[in-house]
1. Can you confirm whether Leu638 is of a type in the set (A, V, I, L, M), surrounded by 17 or more Cβ atoms within 10 Å (Cβ to Cβ), under 30 Å from Asp561 (Cβ atoms) and over 44 Å from the mean Cα position of the chain (by Cα)?
2. Looking at (1) in contact with a strand residue (DSSP E or B) (Cβ under 6 Å, 6 or more places away or on another chain); (2) surrounded by fewer than 16 Cβ atoms within 10 Å (Cβ to Cβ), which is the only condition Val265 fails?
3. Out of the residues in segment 107-126 that are modelled with pLDDT of 95 or more and of a type in the set (Gly, Ala, Ser), which is nearest to Val94 (Cα to Cα)?
4. Given the structure, is Asp465 of a type in the set (Asp, Glu) and over 41 Å from the mean Cα position of the chain (by Cα)?
5. Is it the case, given these coordinates, that Ala538 is aliphatic (A, V, I, L, M) and over 30 Å from Arg492 (Cα atoms)?
6. Would you check if Ala211 is within 12 Å of ligand 1 (Cβ to nearest atom), modelled with pLDDT of 95 or more, of a type in the set (Gly, Ala, Ser) and under 24 Å from the mean Cα position of the chain (by Cα)?
7. Mind checking which helices (runs of 4 or more DSSP H) fall wholly inside segment 217-328 and carry at least 3 residues that are under 30 Å from Leu674 (Cα atoms) and free of Cβ contacts under 8 Å to residues at least 60 places away in the same chain?
Amino acid sequence: MEWLKKAIRVGMEWLESALDRVCGPTLNPLSQLGALGWFLFWLIAVSGIYLFIFFDTGVTQAYSSIEAITHDQWWAGGILRSVHRYASDGLVVVAFLHMLREFAMDRMRGRRWFGWVTGLALIGFIYVCGITGYWMVWDQLAQYVAVTTSKWLDALPIFAEPISRNFLSNAELSGRFFTLMVYLHIAAPLLMLLFMWVHIQRYNYALVNPALKLMIGTGAGFLLLSLVRPALSQAPANLDRIAATVGPDWFYLAFYPLMDRIGAVGLWWLVLVVFVLLVALPWLPRLRESPAAVVHLDHCNGCARCFDDCPFGAITMNSRSDGAAFSAEAVVDADLCVRCGICVGACPTATPFRRATALVPGIELPAFNLEVLRDQAETVARTLSGAARILVFKCPHGAAVVPPAGASVGVIEVPCTGMVPPPFIDFVVARRLADGAMLAGCREGDCFERLGVRWTEQRIAGERDPYLRDRVPRDRVAVSWAGPGQRADRARALASFARALIRPQGATQPGAPAQQRAPWREPLARPPRLVRYAALGAMVIAATGLLGFFSHTPTVRLRADTDAIVTLSFSHAGRSRQECRRFSPDEMARLQPNMRRVGGDCPRGRWPVYMQLELDGRVVYAGTRQPAGLWKDGPSTLFARFEVPAGAQQARVALRESGRDSGFDASASAELNLKPGQNLVIEFKQPGGFTFR
Ligand code: HEM
Ligand code: SF4
Ligand code: SF4
């Protein structure tokens, strides 16, 4: 598992680094996939509401109403239909990329299982929304979706009557199922919205709106695609004919052709195994966690900064329990705490200047004791020498720190840069432990602990409590945000910071006075503007092109051009295995009144039903269907569909339902003249026997 995670991580890192250079970290779509998912949901919801206003929910009118929306008002309904379709495809891509990324970054193990498991439920909702959506159009694709989905559901032993029998031929088609789909297509997104809300319940300040420019760009991409390749219906559904090919939306319907290969039961097993494996992933293997954050009440003044800064909602502010003169106290829920230490960085009592008393802050990670951290900083600082002595506080999730030539670098690892309280930075600079301090964390906009990078920047810039004091020269405090794939950027930042520290004081911090509270940072090396715009254009064309292509193509072959289809079906109870035995008058008198069945004693259990079809004397189908029910006393059901060559042929169909070894209980013959694509339904019903239609 670890090698897979690593391989995906390397690929993702490469892609993210490239996107950082093209779009800039704030517009990098990969670092805001969850938020993009929310944006796409709203785009789908708004376009869907518009379509629903003009959509006719009757099975016979659905197709024509969608045609009218698409062609009579192409400039509104037509475009919105395409946006609805492509944004739905986009949501599948975004959800899977988001999932892949959280897996690769290992952000779903231990206490973080909740986001993963609720995310899996969201995938289920996305598919229910998409499949019911395709059903509603009632074109050839909808027909394929309806028949294949029914076949899949029928493989579950829970339906008394196969759903597929609703789609035998146009004569059987009822609006019942269709109406159910329409309701499902409205209910599923509403439930999905509820789950999206549940999904982010354990995150403080969850990012649900992507950057404005990214939203505009994504919307514009869909608009462009809608104009270049509008979403159109295929030919209207006709259950009496089967199209030779159908163009499925591969984002939603890739499983359908697969089912033709592995069968309905095979697909259920595949889905079940993949689902169980995915649900189990957060515990494979179990994450060994250090103890959760603890509150030292004697040092907590109830200021609630830890509560404000905890990215995982693990802290609540309760009424004071120790009688101290403060109104509140922090309480940590160990089941929610991911041990990031960001609360320690937020606590105003976490100051290393204190010497008279022990360095015990209001809140602390027992495995990363602040006193030990201060000792470690002093010890590492003593090993530094020269004019550019740099103390780096590094998180374990970002790029490695490679000391540049000419600089003396000491590295201290902390769970997250957000754990370093600003007074610690002050301490390093004021006590001259080093010439400069660097906080080296994850890629910008992509902090492993969600908010560590953001809070660190804001605390140093004096925008968030606790501030880094103004007396600390910001040209001696650097930040470096780089993912594991950005080693070169980190090395460049470190070398550049070392050079800046050697320059005369005051000459190292360029920029307007207003920016002077911001930490020192090396700008990301990006290609010239023209190259960036060209790369961005190529990316948009590639992304929209892929969406546009796989939304309709490649097509799936449903039958050979010269073939017709035969559908065999029945829902029929075979004969009882034993005849009923009538009660004698004596027996009847002895029985309780409620047990006196007029028909007598009828043992449960029926014979299976065997059916056979011959064409021109050749057996083309032979199958036995077992009776339904726990006691095997229900009807046997069949829905079998297969290809046969078109043309004139003699058909003979026969059925056995009495457990006999040879011969048949019912049979019929017919002269057929099948046309290519025709769907011939041969059904057995009692009373009436066989029908060919
Ligand atoms: C409609 C689909 C989805 C939407 C809209 C969505 C949205 C979000 C949002 C907004 C966040 C919070 C991001 C932040 O502020 O840090 C998030 C986190 C997360 N999502 Fe999703 N998500 C979706 C699907 C999924 C799926 C399919 C999975 C995986 C099975 C998943 C797994 C996670 C995990 C593990 C986190 C938490 C990461 C952490 O602990 O920092 N999500 N999602
Ligand atoms: S930040 Fe520190 S002092 Fe403030 S409530 Fe949290 S633990 Fe208490
Ligand atoms: S260690 Fe992190 S998750 Fe735990 S309480 Fe502190 S800020 Fe919250």
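The values are calculated or read from the model by the stated rules, or taken from the named source; none is laboratory data. From a predicted model like this one, the values you see are computed outputs, not experimental measurements. Please note: Cβ atoms are built from the backbone with ideal geometry, for glycine as well, and neighbour counts cover all protein chains shown.
1. no
2. Condition (1) is where Val265 drops out.
3. Ranking the candidates gives Gly119 first.
4. no
5. Considered against the rule, which asks whether it is aliphatic (A, V, I, L, M) and over 30 Å from Arg492 (Cα atoms), Ala538 comes out as no.
6. No, not satisfied.
7. Working: elements: 250-253, 255-280, 305-309.
Here the list reads 255-280.
Yes/no matrix, rows are residues, columns are (1) among the small types (Gly, Ala, Ser); (2) within 15 Å of ligand 3 (Cβ to nearest atom):
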site: Cys300; (1), (2): no, yes
site: Phe326; (1), (2): no, no
site: Cys343; (1), (2): no, yes
site: Ala346; (1), (2): yes, yes
site: Arg355; (1), (2): no, no
